[in-house]
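Below is one structure, written out as structure tokens; comments come after it.
The values are calculated or read from the model by the stated rules, or taken from the named source; none is laboratory data. Keep in mind the model is a prediction, meaning the values are calculated, not measured. When we count neighbours, we look across all protein chains shown, and the Cβ atoms used for this are built from the backbone with ideal geometry, even at glycine.
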């Protein structure tokens with residue numbers, strides 16, 4: 001196990017800079033997730049940590065040692081790829097033991113270590129099979145087995161569950177979490193799926209256009225998003241955002257919306273009268289039956305325990321999450337209440353949380 | 001109900017046209033082969049009177065005499081040595097060169113690749129004189145190497161192209177996974193690329209083998225001693241010797257092309273797989 005440090009890391013392809021001045025510290029044994037939309041640089045960052053991509057500037061350390069010039073093997077990392085990247089001509093056992101074979105480990109030792117990893121991942125009966133004879137979930141487990149068999153300092157996961165169907169993804173997510181709890185190896189996990197990041201990670205790094213937007217625990221990101229990007233990215237369905245202007249007295253500020261209605265916000269928000277802002281309302285914080293906002297119901301999406309209600313307010317579509325038993329029908333009026341302590345306010349120009 | 005199947009419906013007329021065309025093409029290929037093989041079972045008189053039909057009397061001795069003679073087997077050995085070493089060297093050199101072109105970018109790599117590919121445009125016959133001089137200067141005249149080395153050189157363009165395209169189509173993540181596992185370029189080539197490239201190894205191997213097996217001009221120019229002649233030259237000498245006994249010449253020709261046909265039938269799946277690799281998304 002080892003800590004991982006990134007100091008002012010940059011990556012450029014010619015004149016195009018894709019990773020901008022990233023500094024990050026991952027503690028020993030920590031599980032950290034890199035999330036962000038496609039093209040935000042999360043996979044590039046992971047590949048730079050792995051040594052599969054050169055860094056243009058900065059410093060990467062693993063276990064306190066600068067690894068910039070080291071090969072992937074010398075960095076003592078293991079990586080799980082999105083497409084599993086199993087060697088098709090080798091059996092499961094050979095796939096898992098390949099890195100040990102290259103490292104010069106003796107055959108009996110390889111067999112012992114592969115056997116242990118296979119037991120941990122319930123792969124014992126599959127050791128003689130070829131990857132083509134395995135299901136998607138089994139292949140992903142073999143990919144993880146190949147990673148743990150060498151007892152690396154750091155696990156790197158590059159969107160490992162993206163190729164699996166929804167049900168299997170949930171199952172594998174649980175397995176990855178259980179595996180991390182068992183072996184406790186420092187893990188860096190890249191995903192574009194915020195649910196995956198929230199459920200797995202000790203801390204999440206939100207990336208956008210090659211920059212870190214915010215680093216924090218899942219609940220910190222959810223409760224106190226640093227800016228509009230994080231607020232919109234974390235949480236599903238996404239946060240509702242409305243344009244408005246700060247109005248009211250200092251001890252009782254309100255956001256006046258374009259169509260004239262006013263919404264109370266916490267006096268703790270650092271706002272000034274007349275400031276152009278974006279108001280953020282999480283769908284799950286809108287209380288059905290309240291009397292702050294409302295409009296015609298455009299769409300009702302029952303998901304079982306909860307129902308997503310799409311309604312029109314202030315000229316735009318809003319989403320609310322209500323109890324599954326709450327009666328709501330398409331075309332009727334939907335009204336919702338707002339707790340002012342659960343209203344987010346962002347500067348409209350800079351996007352920074354106020 | 002709407003037919004959602006993607007199968008293309010073919011009319012009877014089209015099908016008939018396809019079958020007739022294919023039968024014609026097959027006949028163009030098969031008739032000379034079958035005529036040659038059957039001719040070897042005839043007497044000279046029978047061959048003159050009835051060149052295309054079945055033998056009126058099956059003369060097995062034409063084939064048996066050749067098979068029990070020393071000449072046939074010696075020439076087969078010469079052909080096997082020349083073709084075998086040519087295939088081995090072509091596979092080793094072209095696979096390694098193609099691996100570099102597929103995975104390593106270095107100064108002038110594209111130009112160097114193009115230089116190899118230009119070789120595709122020149123058959124050995126066009127360069128036979130300078131080739132002869134160079135082989136003579138190397139002291140390789142009248143030796144197997146005098147045939148093998150030019151054959152390898154002229155085969156490199158196509159072989160490198162086929163190997164390179166195949167290597168480039170292997171998933172990039174395999175390459176990365178192998179590097180994380182501790183492979184360098186050489187180990188990746190040996191443990192991953194090569195074992196995964198059996199179809200293209202078979203294709204290049206067979207195409208090179210057949211090309212060397214049928215090679216006539218190079219052995220003719222480079223070899224002088226009859227005991228070193230491969231089959232194509234052997235046929236020429238045999239024809240000179242038994243020019244009037246066409247049934248023997250036909251039997252000899254049949255026996256020399258038989259191994260190629262057998263190899264081709266056994267390996268046709270690999271040849272087609274290799275030549276069409278990467279043509280469609282798998």
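Key figures
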| quantity | calculated |
| --- | --- |
| Qualifying helices (runs of 4 or more DSSP H) (wholly inside the range A:167-251; at least 2 residues being out of contact with any strand residue (DSSP E or B) (no Cβ under 8 Å at 6 or more places or on another chain)) | A:194-200, A:218-223 |
| Residues located in the range B:59-73, provided they are farther than 20 Å from residue B:42 by Cα and surrounded by 12 or more Cβ atoms within 10 Å (Cβ to Cβ) | B:71, B:73 |
| Long-range neighbours under 7 Å by Cβ, at least six apart or interchain, first residue surrounded by fewer than 16 Cβ atoms within 10 Å (Cβ to Cβ) within the range A:264-286, second not in a strand (DSSP E or B) | A:266/A:340; A:266/A:341; A:267/A:251; A:270/A:354; A:276/A:348; A:276/A:349 |
| Residue ID - nearest to residue A:22 (Cα to Cα), chosen from residues in the range A:50-67 that are buried (at least 16 other Cβ atoms within 10 Å of the Cβ) and more than 14 Å from every other protein chain (Cβ to nearest Cβ) | A:58 |
| Condition check for residue A:59: more than 19 Å from the chain's Cα centre (by Cα), farther than 26 Å from residue A:196 by Cα and part of a strand (DSSP E or B) | yes |
| The range A:121-147 - residue that is farther than 14 Å from residue A:94 by Cβ and not in a helix (DSSP H, G or I) and, of those, nearest to the other protein chains (Cβ to nearest Cβ) | A:121 |
| Wholly enclosed strands (runs of 3 or more DSSP E) of the range A:265-354 bearing at least 3 residues touching a strand residue (DSSP E or B) at 6+ places or on another chain (Cβ under 7 Å) and more than 20 Å from residue A:231 (Cα to Cα) | A:286-302, A:306-313, A:333-338 |
| Subset of the range B:163-172 that is surrounded by fewer than 22 Cβ atoms within 10 Å (Cβ to Cβ) and part of a helix (DSSP H, G or I) - its residue that is farthest from the other protein chains (Cβ to nearest Cβ) | B:165 |
| Listing of helices (runs of 4 or more DSSP H) fully contained in the range B:1-70 that carry 1 or more residues being modelled with pLDDT under 85 | B:44-49 |
| Any chance residue A:150 is out of contact with any strand residue (DSSP E or B) (no Cβ under 8 Å at 6 or more places or on another chain), part of a loop (DSSP other than H, G, I, E, B), modelled with pLDDT under 90 and within 12 Å of chain B (Cβ to nearest Cβ) | no |
| Failed item, numbered, when residue B:184 is tested on (1) away from chain A (no Cβ under 11 Å); (2) more than 22 Å from residue A:84 (Cβ to Cβ) | (1) |
| Residue within the range A:97-119 that is in contact (Cβ under 8 Å) with a residue 24 or more places away in the chain, within 12 Å of chain B (Cβ to nearest Cβ) and not in a helix (DSSP H, G or I) present | yes |
| Criterion violated by residue A:47 - all others in (1) within 9 Å of chain B (Cβ to nearest Cβ); (2) in a helix (DSSP H, G or I); (3) over 23 Å from residue A:197 (Cα atoms) satisfied | (3) |
| Filter result for residue A:174 (closer than 30 Å to residue A:235 by Cβ and in contact (Cβ under 8 Å) with a residue 40 or more places away in the chain) | no |
| Qualifying position, being surrounded by 20 or more Cβ atoms within 10 Å (Cβ to Cβ), away from chain A (no Cβ under 14 Å) and at negative phi, among B:159, B:143 | B:159 |
| Residues of the range A:68-80 satisfying the condition of being buried (at least 23 other Cβ atoms within 10 Å of the Cβ) and facing another protein chain (nearest Cβ under 8 Å) | A:72, A:77, A:78, A:79 |
| Selection status of residue A:305, within 31 Å of the chain's Cα centre (by Cα) and surrounded by 16 or more Cβ atoms within 10 Å (Cβ to Cβ) | no |
| Subset of the range A:81-96 that is more than 7 Å from chain B (Cβ to nearest Cβ) and at pLDDT below 90 - its residue that is nearest to residue A:138 (Cα to Cα) | A:84 |
| Hits in the range B:132-148 (condition: touching a residue at least 60 places away in the same chain (Cβ under 8 Å) and not in a loop (DSSP other than H, G, I, E, B)) | B:132, B:135, B:144, B:146, B:147, B:148 |
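The rows are residues; the columns are (1) surrounded by fewer than 21 Cβ atoms within 10 Å (Cβ to Cβ); (2) under 15 Å from the mean Cα position of the chain (by Cα).
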residue	(1), (2)
A:135	yes, no
A:155	no, no
A:163	yes, no
A:177	yes, yes
A:183	yes, no
A:198	yes, yes
A:224	yes, no
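Listed here are the residues, each with its yes/no results for (1) within 14 Å of chain A (Cβ to nearest Cβ); (2) assigned to a helix (DSSP H, G or I); (3) in contact (Cβ under 8 Å) with a residue 40 or more places away in the chain.
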{"site": "B:174", "(1), (2), (3)": "yes, yes, no"}
{"site": "B:207", "(1), (2), (3)": "no, yes, yes"}
{"site": "B:212", "(1), (2), (3)": "no, yes, yes"}
{"site": "B:221", "(1), (2), (3)": "no, yes, yes"}
{"site": "B:243", "(1), (2), (3)": "no, no, no"}
{"site": "B:247", "(1), (2), (3)": "no, yes, yes"}
{"site": "B:253", "(1), (2), (3)": "no, yes, yes"}
{"site": "B:257", "(1), (2), (3)": "no, yes, yes"}
{"site": "B:260", "(1), (2), (3)": "no, yes, yes"}
